[in-house]
Amino acid sequence: MKRRVFVAAALLALAAALALAAALACGSGIQQQEGSYQYKLEKVDALAGQSTRPLKDEILAKRAQFVAQFEAAPKEEGPRGDSLGKLNQAMTAFLSEYGAKVEAAKAADAQAAKQEQEKQRQELLAGYAGTWTGDGVTLTITTGGKLAYKKESGAISKSFEGGVTEVGPGAIKASALGIPFTLIIGAPPHDAGGQMKMTVDGTELTRTMDK
């Protein structure tokens with residue numbers, strides 16, 4: 001009889017231990033789900049910080065929905081675990097989808113900026129295009145971005161041919177086989193008594209031919 005009572009007590013103790021272990025495991029699982037939610041929410045915030053409107057508005061609106069779902073999750077361990085699990089899955093899918101959208105938008109913005117820079121470069125280049133001469137210097141710039149420069153001073157001759165890499169009010173930069181070449185613009189192209197003139201490396205040049 002005593003043996004049966006001992007066995008029964010042992011079984012009850014084992015059942016209680018298993019129940020406690022299950023409760024602890026469930027609690028630990030919920031903590032992990034909550035931690036995962038907070039981590040993903042930070043990711044959503046970072047994504048919003050990298051984006052611009054209207055994409056940013058979409059991300060912030062979805063963030064508000066995620067927060068509302070988290071706050072509305074049941075308090076009971078079982079239902080809460082299920083609810084948070086589904087919420088984390090939805091957040092993972094959202095981050096994947098909108099992460100791709102943000103990267104695509106950034107690439108499109110970069111391409112648009114590059115095109116705008118090239119447009120401005122072409123507009124500047126058009127103002128400098130032509131053949132310019134003066135005091136032993138001949139400078140030819142084409143709208144296609146080619147540059148040919150020659151300066152003769154007595155027995156000394158200096159020449160360069162390459163592609164224009166940068167055009168600005170202060171300088172024209174070119175390059176050939178990785179070798180840089182810079183012309184300092186003292187005065188940009190301007191009309192002087194019906195003739196187009198500019199000052200390059202201290203020499204006044206007159207445009208003799210358009211390109």
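Structure notes:
- Contact map, region 35-46: residues that are among the polar types (S, T, N, Q) paired with residues that are surrounded by 15 or more Cβ atoms within 10 Å (Cβ to Cβ), Cβ distance under 6 Å, separation 6+ or inter-chain. Pairs shown: SER36/ASN88.
- Assessment of region 32-39 against the conditions (under 26 Å from ASP109 (Cα atoms) and over 19 Å from the mean Cα position of the chain (by Cα)) yields no matching residue.
- Test: residue in region 126-133 that is closer than 19 Å to ARG207 by Cβ, surrounded by 13 or more Cβ atoms within 10 Å (Cβ to Cβ) and of a type in the set (Phe, Trp, Tyr): yes
- Applying a threshold of 6 Å to beta carbon distances and a minimum spacing of six or more residues, or different chains, the list of pairs starting in region 179-190 at a residue that is hydroxyl-bearing (Ser, Thr, Tyr) and ending at one that is part of a strand (DSSP E or B) reads THR182/ALA171; THR182/LYS173.
- Of the residues making up region 96-144, those that are polar (S, T, N, Q) and in contact with a strand residue (DSSP E or B) (Cβ under 8 Å, 6 or more places away or on another chain) are THR131, THR133, THR138, THR140.
- Residues satisfying the stated conditions in region 102-147, i.e. hydrophobic (A, V, I, L, M, F, W, C) and either assigned to a loop (DSSP other than H, G, I, E, B) or more than 24 Å from ALA192 (Cα to Cα) (or both): VAL102, ALA104, ALA105, ALA107, ALA108, ALA110, ALA112, ALA113, ALA129
- The one condition in (1) within 30 Å of VAL67 (Cβ to Cβ); (2) loosely packed, with under 13 Cβ neighbours inside 10 Å; (3) among the charged types (D, E, K, R) that LYS158 fails to fulfil: (1)
- Any hit, region 145-153, residues being touching a helix residue (DSSP H, G or I) at 6+ places or on another chain (Cβ under 9 Å) and at pLDDT below 95: yes
- Checking the stated criteria, LYS106 turns out to be under 30 Å from GLY49 (Cβ atoms), surrounded by 13 or more Cβ atoms within 10 Å (Cβ to Cβ) and at pLDDT below 95.
- SER96 being outside any loop (DSSP other than H, G, I, E, B), out of contact with any Lys or Arg (no Cβ under 6 Å at 6 or more places or on another chain), hydroxyl-bearing (Ser, Thr, Tyr) and at pLDDT below 95: no
- When ALA25 is tested against (1) exposed (fewer than 14 other Cβ atoms within 10 Å of the Cβ); (2) more than 16 Å from ALA105 (Cβ to Cβ); (3) modelled with pLDDT of 95 or more, exactly one condition is not met: (3).
The values are calculated or read from the model by the stated rules, or taken from the named source; none is laboratory data. Keep in mind that what you see is a predicted model, and the values were worked out from it rather than measured. Don't worry about glycine lacking a Cβ; one is built from the backbone with ideal geometry, like all the others, and counts go over all protein chains shown.
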